[in-house]
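Read-outs throughout are calculated quantities, based only on the coordinates presented, and are distinct from any laboratory measurement. Keep in mind the model is a prediction, meaning the values are calculated, not measured. Cβ coordinates were reconstructed from backbone atoms using ideal geometry, including for glycine residues, and neighbour counts include every protein chain displayed.
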Amino acid sequence: MPTRVYVIPIPPGNTEALKSAFAEMEGAREQQCIDNRHVMGITREFVSFHETAQGDLLVAYLEGDDPDKAVERMVASGSDYARWIAEVVFPLLGTEHLSAAQVLADWRDR
């Protein structure tokens, strides 16, 4: 199954608000978030936060039928959740245009 990894620098001052948004995704918006993943064609999502000396990072791993089109599918859905992401999360990230990290190795045990 295709996978993508996104490494997104978090603009200074946005870390706590972004963590709150992710807490809302896991809480009050959990069902919307699950439904949205189906719209996006995502079967697995793993998101982590990293503090570095150069600034905070959000790292997202997506697995699905076409992860490159996942955000496009979400936005095109016009759902309340997609609008919330566009109004709240994208501004905290400073972008809605994500580019996948370059893969240097991809090993799996068979």
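Taking θ as phi - 60° and the Karplus parameters 6.51, -1.76 and 1.60, the scalar couplings of region 42-51 work out to 9, 9, 8, 9, 9, 10, 10, 10, 10, 8 Hz in sequence order, x denoting glycine and proline.
Put a plus charge on the Cβ of each Lys and Arg, a minus charge on the Cβ of each Asp and Glu, and nothing anywhere else: the dipole of the chain about its Cα centre is then about 180 debye. For region 79-110, the set of chymotrypsin sites (Phe, Trp or Tyr not before Pro) satisfying both a DSSP loop assignment and a count of at most 15 other C-beta atoms within 10 Å is given as 107. Backbone amide hydrogens, once placed in the peptide plane, bring residue 10 within less than 5 Å of 56, 57, 58, excluding anything fewer than 5 places away on its chain.
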